[in-house]
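Here's the structure we're looking at; comments come further down.
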Amino acid sequence: MDTSGLNFILQAAFWVTVALTISGAAIAVFPRNILYNVLGLALALIGVSGFYLYLGSLFVALMQLLIYVGAICIAIVFAIMLSRPLHVDIPPRSAGKVWLGILAATVFFIGAAGVALKTNWQAAAGHVYKASQWSVQNIGNALLTRYELVFEVISLVLLVAIIGAVITAGFSRRISS
Amino acid sequence: MSEGLLGFEGFRLILGMVIALSFASVNALFLVWLERKVSGHIQLRPGPMEVGPHGVLQTAADALKLIGKELILPLKADKKLFFLAPVLVFTPVLVGFLVLPFSPGLIIHDMNLGVLLVFAFSTITVLAILTGGWASNNKYALLGAVRSVAQNVAYEIPLLLAVMSIVLMVHSLSFSHIVVLQKNVWFVFLQPLACLIYLIAATAETNRAPFDIPEAESELVAGFHTEYSGMGFGLYFLAEYTNMFIVCAVATSLFFGGWNGLFGISLGIPGVFWFLFKTYFLIFVIMWVRWTFPRVRFDQLMNFSWKVMIPLSLVNLVITAIVVKII
């Protein structure tokens, strides 16, 4: 079988995924319409799950889809209830918020780029599809041994969020009733 | 896998998707007819009778009429999203067909993570419903869409927890593996609570009565698809009935033994017929429920999920984990 054709398709698929992710991220930031933002974010996250697929882990890709698109984006969707109707004029962006956003994005970008540059990347031996390294067992083992602390801290964040939601809802209900 | 990507495997995928697409359309036509017949007989009337014997061609005629109708765009609607939504609602439904195990050889792509794939893509349906409801710029459509999101968030949790208890039992996310293990005993006998929770949550996930508040016709006109006409509406309908099929097919393979006969007795009937028979029987049960129970109120719906279904499914999961650990 002609492998150069296959390689070309894989390369093309990779760059399409890159384009999808970046355009999704742009849609998530620039339009002044909250539903466009959410859908753009969903598109970007679907693109990221495409990267996981490209790296050979279907499991992580599907989890990305289930958690980030299925749960996080849907949770953000509740912000729709705070959004303006289509026919109402949109007020201009406030400059302070824009600069804060740019600052936060720059800090994150420098951090991520620093990690990416410092990592000693090794070309994957053989073909890109090597699912055995990223099997469910291996991920589970890594999460509960080496990355146990990170795992627990993330759970703690979720716990704080839940308690916060309960308290906020409880207070507002008591005030209104 | 990489060698066959464009060869045999790729061909199989494309052929499978084409067959799945045609099956989905025929299935939807049949189910709409069945729904009208079931509702008719439950209400002591014959249902459609005019077109074809016992009205079997009624839905084909309706579909042709829908295709011929004009697509009406509401004046202040968001044009792009308005037309994107019906397409978006249909894609995840088709992905589900990729991994459904109709019989030992009759599965488009037998992958290790089939169960996860179906549920990962099913969430996109909610985004599509929301997009459609919001883009219509109609208050009934938006209310229906927002209700749909809240309902899906609430019922996805017990649904996944019920499925998790099966996964925990068999240590596998592959549909065909799960079905093979049910050769003698269906998992509904080992996990009756999980099965019940799955069926209730699945009814809610497919927006079927008594959980059809996103499109409650007595209060919201038609919910999120109020403004859709012609094939835009047709695609929503197609997606709803295909979704019903997929949900019931997943239930068949997770709880009712898939292509296996009852207690290992297959009576010489091919597996695919067992599978389809059980799936359509479950669909019939869901229709039966729709025409028998009244619609629940929104607060009842939310309370039922968060205060009954989720605790029960969590307890079920913990008990399953303990039992699996002991055995």
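Overall form of segment A:1-85: oblate. Here a/c, set by the Cα gyration tensor axes a ≥ b ≥ c, is 1.5 or more, and a/b is not larger than b/c.
The Rg/Rh ratio of the protein assembly as shown, with both radii computed over alpha carbons and Rh defined as the Kirkwood radius, is 0.96. Entry note, chain B: the mean residue ellipticity at 222 nm calculated from DSSP H runs of n ≥ 4, each adding -39500 (n - 2.57), is -22000 deg cm²/dmol after division by the residues and rounding to the nearest 500.
Beyond 34 Å, what percent of the Cα pairs of segment B:64-326 remain? Roughly 20 percent, rounded to a whole number. Do any of B:K69/B:K139; B:K76/B:K139; B:K37/B:K278; A:K97/B:K80; B:K37/B:K139 go past 21 Å between their Cα atoms, and which? Beyond 21 Å between Cα atoms: B:K69/B:K139; A:K97/B:K80; B:K37/B:K139.
Between segment B:270-317 and segment B:99-160, the alpha-carbon centres lie 15 Å apart. Shown is the FRET efficiency for A:T119 and B:L71, computed with R0 = 56 Å from the Cβ-Cβ distance and rounded to the nearest 0.05: 0.65.
Here the relative contact order of chain B, from alpha carbon pairs under 8 Å that lie six or more residues apart, stands at 23 percent.
We did not get these values from a lab; they are worked out from the coordinates using the rules stated. In this text, all values refer to a predicted model and were calculated from it rather than measured experimentally. Note that each Cβ is placed from the backbone with ideal geometry, even for glycine, and that neighbours are counted across all protein chains shown.
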